[in-house]
Amino acid sequence: VEKVEAARNFANKIWNASRFVMMNLTDADGKWLPVAPDSETVLELDLRDEDKWILSRINETAKDATYNMEQYDLALAGQKIYDLIWGSFCDWYIELIKQRLYDGTPEEQAVARRVLVKCLELLLTLLHPFMPFITEEIWGHLPDRKNMLIRGEWPSYRDAWTFGEEVSRMELAMSIIRSVRNIRSEAEAAPAKKLRLLVLANDPAAVKAETNHLQKLGMITAVEFLASKADVPDEVMSAVVDGAEIYVPLDDLLDYNQEYDRVSKEVERLEGEVKRIGGMLSNQAFVSKAPEKVVNNEREKLATAEEMLAKNRERLAVVAKKLGK
């Protein structure tokens, strides 16, 4: 029963996302709004980082799902497509693009509509083998449909849709937004309460490029960049993401006992992670038998976990001092 309910919820998610796309393709009278010219790649359009990110995610998923289906691993292929549609497209891209659709120039809106249609077309195509009826129905409501979806071509991987730099910037921005939301939740701050964000980043330019998204989706009034830890105020709640440390001043809301418990749990979690990965890498049987790529990947995970552990231990010491521990 739970799986049936989950499938129903996913179908509703697809309907709602498709309805959002259709609502932004037509005006109040039901007439089609201007859309940037269609093309095979859409690369000639003035794409934003969020556009390139979602196209890259779709591109990678198409590649992975194709491989999985060729190996007859249909469940894994379906799960990857599910995660792409629900997590990347519905939960992130639609939110990222709303500002352009509502407040952008006519040219920006036209490009946003074209990317929305292109993404929905590709997503429906990927999902069609698993959910043929709902995808065919939605497909028929999109503009300029000449053929049924079942006669369409399966998406193929495109080297031109990798967008490494843009994807890295967007992933960093989304990690920061998730961390800000977590901090807000832990501090029991109102979801709409505006906050300042202090950032100590390895690459400040990458964060600055996505400042608009941080402010809109993180409910941030201003993003300030710190030169060193010496500039970090004492009364803050913090988080460590891959490539940056973030601090949110919450003097009027901060419960230092709660912060101490939170960081203590994170230290405990990271200690366990370091111990687990370290034990794996110290096992000569694993190191000698596992593929070199797998071993190197675990070594990178260990280095990242050790770095985050050191930073959280430093934070724990600061909070403990505030509490007189």
Inset, instruction - Kindly indicate whether Ser56 is surrounded by 18 or more Cβ atoms within 10 Å (Cβ to Cβ), without any contact (Cβ under 8 Å) to a residue 40 or more places away in the chain and among the hydroxyl-bearing types (Ser, Thr, Tyr). - result: no
Legend entry - Subset of segment 177-229 (residues that are among the polar types (S, T, N, Q), touching a residue at least 12 places away in the same chain (Cβ under 8 Å) and open to solvent by 30 Å² or more (accessible area, probe 1.4 Å)): Asn182, Asn202, Thr211, Asn212, Thr221, Ser228
Inset, instruction - Could you run through segment 102-121 and say how many residues are within 16 Å of Ile138 (Cβ to Cβ) and either open to solvent by 30 Å² or more (accessible area, probe 1.4 Å) or of a type in the set (A, V, I, L, M) (or both)? - result: 3
Legend entry - Sole exception among (1) open to solvent by 10 Å² or more (accessible area, probe 1.4 Å); (2) of a type in the set (Asp, Glu); (3) at pLDDT 95 or above; (4) over 22 Å from Ala7 (Cα atoms) for Asp51, by number: (1)
Inset, instruction - Would you check which residues across segment 3-46 are of a type in the set (S, T, N, Q), open to solvent by less than 50 Å² (accessible area, probe 1.4 Å) and closer than 19 Å to Ile85 by Cβ and list them? - result: Ser18, Asn24
Inset, instruction - Scan segment 283-305 for residues that are surrounded by 15 or more Cβ atoms within 10 Å (Cβ to Cβ), assigned to a helix (DSSP H, G or I) and not β-branched (Val, Ile, Thr) and report the count. - result: 4
Legend entry - Odd one out for Ala173 among (1) surrounded by 13 or more Cβ atoms within 10 Å (Cβ to Cβ); (2) modelled with pLDDT under 95; (3) on the phi < 0 side of the Ramachandran plot: (2)
Inset, instruction - Output yes when any residue across segment 262-274 is modelled with pLDDT of 90 or more and part of a loop (DSSP other than H, G, I, E, B), and no when none is. - result: no
Legend entry - Which numbered condition Ser168 fails, given (1) assigned to a helix (DSSP H, G or I); (2) buried (at least 17 other Cβ atoms within 10 Å of the Cβ): (2)
Inset, instruction - Report yes if some residue within segment 36-50 is of a type outside the set (Gly, Ala, Ser), within 25 Å of Asn12 (Cα to Cα) and assigned to a helix (DSSP H, G or I); otherwise report no. - result: yes
Inset, instruction - Find the residue count for segment 181-237, including only residues that are assigned to a loop (DSSP other than H, G, I, E, B) and among the basic types (Lys, Arg). - result: 2
Legend entry - Where a residue in segment 2-22 is closer than 16 Å to Leu127 by Cβ and its partner, wherever it lies, is of a type outside the set (Phe, Trp, Tyr), with Cβ under 6 Å and at least six apart: Ala11/Ile134; Lys13/Cys90; Ala17/Cys90; Ser18/Ile138; Val21/Leu116; Val21/Leu120
Inset, instruction - Please work out if Thr61 is touching a residue at least 24 places away in the same chain (Cβ under 8 Å), more than 13 Å from Ala17 (Cβ to Cβ) and under 19 Å from the mean Cα position of the chain (by Cα). - result: yes
Inset, instruction - Answer yes if at least one residue in segment 145-161 is open to solvent by less than 50 Å² (accessible area, probe 1.4 Å), in contact with a Phe, Trp or Tyr (Cβ under 8 Å, 6 or more places away or on another chain) and closer than 21 Å to Tyr260 by Cα, and no otherwise. - result: no
Legend entry - Long-range neighbours under 6 Å by Cβ, at least six apart or interchain, first residue under 18 Å from Ala239 (Cα atoms) within segment 264-281, second among the small types (Gly, Ala, Ser): Leu270/Ala305; Glu273/Ala305
Legend entry - Residues (within 13 Å of the chain's Cα centre (by Cα), farther than 14 Å from Leu123 by Cα and surrounded by fewer than 19 Cβ atoms within 10 Å (Cβ to Cβ)) located in segment 82-101: Asp91, Glu95
Inset, instruction - Scan segment 308-322 and give yes if some residue there is in a helix (DSSP H, G or I), open to solvent by 80 Å² or more (accessible area, probe 1.4 Å), touching a helix residue (DSSP H, G or I) at 6+ places or on another chain (Cβ under 6 Å) and more than 30 Å from Ala189 (Cβ to Cβ), otherwise no. - result: no
Legend entry - Qualifying positions in segment 133-160 - more than 16 Å from Val117 (Cβ to Cβ) and assigned to a helix (DSSP H, G or I): Phe133, Ile134, Glu136, Glu137, Ile150, Arg151, Asp159, Ala160
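The values are calculated or read from the model by the stated rules, or taken from the named source; none is laboratory data. Since we're looking at a predicted model, the values are computed, not measured. Methodologically, a virtual Cβ is constructed for each residue, glycine included, from the backbone with ideal geometry; neighbour enumeration extends over all protein chains shown. We work out accessible area using only protein heavy atoms, side chains counted, and drop any ligands, DNA or RNA first. Shrake-Rupley method; radii C 1.70, N 1.55, O 1.52, S 1.80 Å.
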